[in-house]
Structure formats: structure tokens, C-alpha cells
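This report refers to the structure that appears directly beneath it.
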């Protein structure tokens, strides 16, 4: 069940050894940058533990990725606190039931840094005193946004960025148009196969070159030009409001790639961290339906200000 995992041989070997020696932890944290296969690896591990495809198993639960925050109702039933329906039992309720077919019940929490404070504190209590047959698998790309006490109670599994040749090989195996610039994509995707696949669609490579060039002007006027250029490209993408927001997030992702390259070119870690934080904040604003003009102009001004200082 690990056969489809690309480029994570060390992590797979460690997980197999723990399984074979019956030395499983009660909780694992799969950490790495977006698109490196954290969730894919967590699902494969769950399938190994359950003995069959986890996605079709009654002892498997996975929280959704299409919500901005994981609130307490996702973890425990609380009468009268939140009447909004969810599509499955809360995590802690699920884990306290006896397994239906396997020896364990497995819950996967993708992007666990999305837990709000109440959810994180409630979840921490389960980590401190987990049911004996429960296995918790968390993924994250921003470990510093998780409670330190949650991190310390998990067995951490590093999901590493893929090498350029691995990215090239994986892209070549896809049915991509012949004109796709695989070499450029494999160079700029920062070891993220998920991001590489996004770059392989549409005009993402050309957009990346535009973003990278636009970050050369760090004046306030340059910031306005960058934001206006992003809005122009979002408008040209067409589609409804949601599609425009997705186009804006793609441009923010490409800007993050360009910023990481600038970090390697001599900008201070502090300046790069401030610039990347501005991108993170802009992404959260867009997810919260803040006006695109406001989110992108604010991000562009903060990014260029950080890089001027750095």
C-alpha cells in the first residue's frame, strides 16, 4: 500500500519497521511543505494498519480539507453549542467506539494547524489519554501554528521535498501536453509534486516568470503595480467569484516560490518570513471573502516593505 508513494523511502521504511515490530505510537504528525504527499502517506499508513483501502473502511475517519477552520464540533459533541450538521461523527466520539472490523480505529486530520484554540485544547486531552485502540494521524505544513503540547505528543514523520529528477519522472508519467515546460516546472516547484502538477496546467509558468520579475521593483509604486497586475490577471482568467479567488491564490503561491528564491539570494530570514507571513494572511483573507483588491494590495505593500528592509 506504500507502492504509490513517491520519494519518501526513509519515512516509509520507518513506518514499516514500527508496524512490523508492533511499536506503533498512538499519534503521528506528518509534516512537510504542501504538495509533497503528506496526506497520501498518512492514508497509505492507515490502509496498512486497517488491512485494506482506508477510504472504504468503517474504522477510518478523515476530516475534510475544504473548510478554513477545524472547530470543536469536528472533535466532540456539545449539546446546544453548535447546531450545524456535519457529515460524520466527531473525531473523539468516533475513536471511543469499538472497531467494527479492524483492530484499531484510525482518524486522519489533514492540515491540523487549522484547529482553532477550543478544538486544539479538546484534542490535546485525547492525545494525553488516548483510547487504547485509537490511531491518530495528523498532517501539517506549519508546525509552529500547532500547540507545542500537541506536537510533543506525536511521533513526527518528516515528509521531504522531492528531488528535481523525481519531479521530472512523475510529471513525465502524466499525460501532459507536449509543450509543457517540464524542466522549468521541476526547477521552481520547490520539491512539491502537488505544486508541480498545478504549474503544469494553464499559464502558471509564464505567470511565475512575471511574478519573479515584478518583485524586482521594491518601491511602493512597484507594490501597487504588482497588485494591479495580479488583479488584471485574475480578471482575465474569467469564471465566477470562486474561480477568481482560486486564480488569486495561485498567484500568491507563485509569489511564495519567488520569495523563497530571493531568500537563497541573500535576503535575511526575518525579511523573507515577514513577506511570507503577508502572503499567508492574504490567503486567509481571500478564503474569508475579503475583497480581492484589498487583500492583494495589502499583501504587495507588506511584501515589498519587508524585502526593502531585508
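The values are calculated or read from the model by the stated rules, or taken from the named source; none is laboratory data. This is a predicted model, so every value here is computed, not measured. Cβ: placed from backbone, ideal geometry, glycine included. Neighbour counts: every protein chain shown.
I'm checking my understanding of the structure. Among residues of the range 1-17 that are surrounded by 16 or more Cβ atoms within 10 Å (Cβ to Cβ) and more than 19 Å from residue 163 (Cβ to Cβ), which one is modelled with the lowest pLDDT? So, considering only residues that are surrounded by 16 or more Cβ atoms within 10 Å (Cβ to Cβ) and more than 19 Å from residue 163 (Cβ to Cβ), the one modelled with the lowest pLDDT is 1.
Scanning the range 160-174 for residues that are closer than 11 Å to residue 7 by Cα and either within 19 Å of the chain's Cα centre (by Cα) or in a loop (DSSP other than H, G, I, E, B) (or both) yields a count of 5. Out of the residues in the range 56-76 meeting the condition of being out of contact with any strand residue (DSSP E or B) (no Cβ under 8 Å at 6 or more places or on another chain) and loosely packed, with under 13 Cβ neighbours inside 10 Å, tell me which one is modelled with the highest pLDDT. Looking at the filtered set, the residue picked out is 58. If the condition is being assigned to a helix (DSSP H, G or I) and at pLDDT below 85, then the range 185-196 contributes 187, 188, 194, 195. Number of residues in the range 53-74 that are within 16 Å of residue 119 (Cβ to Cβ), touching a residue at least 40 places away in the same chain (Cβ under 8 Å) and in a helix (DSSP H, G or I) equals 2.
Once the range 125-148 is narrowed to residues that are part of a helix (DSSP H, G or I) and more than 21 Å from the chain's Cα centre (by Cα), the residue that is nearest to residue 35 (Cα to Cα) is 127. Just to be sure before I move on: is residue 242 out of contact with any helix residue (DSSP H, G or I) (no Cβ under 8 Å at 6 or more places or on another chain), in a helix (DSSP H, G or I) and under 29 Å from residue 145 (Cα atoms) in the structure I sent? Taking the combined requirement at face value, the residue satisfies it.
Condition check ((1) over 29 Å from residue 7 (Cα atoms); (2) crowded, with 19+ Cβ neighbours inside 10 Å; (3) modelled with pLDDT under 90) across all residues:
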{"position": "101", "(1), (2), (3)": "yes, no, no"}
{"position": "108", "(1), (2), (3)": "no, yes, no"}
{"position": "112", "(1), (2), (3)": "no, yes, no"}
{"position": "121", "(1), (2), (3)": "yes, no, no"}
{"position": "125", "(1), (2), (3)": "yes, no, yes"}
{"position": "137", "(1), (2), (3)": "no, yes, no"}
{"position": "142", "(1), (2), (3)": "no, no, yes"}
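When 215, 231 are checked against the criterion of being surrounded by 15 or more Cβ atoms within 10 Å (Cβ to Cβ), farther than 30 Å from residue 167 by Cβ and more than 24 Å from the chain's Cα centre (by Cα), 231 stands alone in meeting it.
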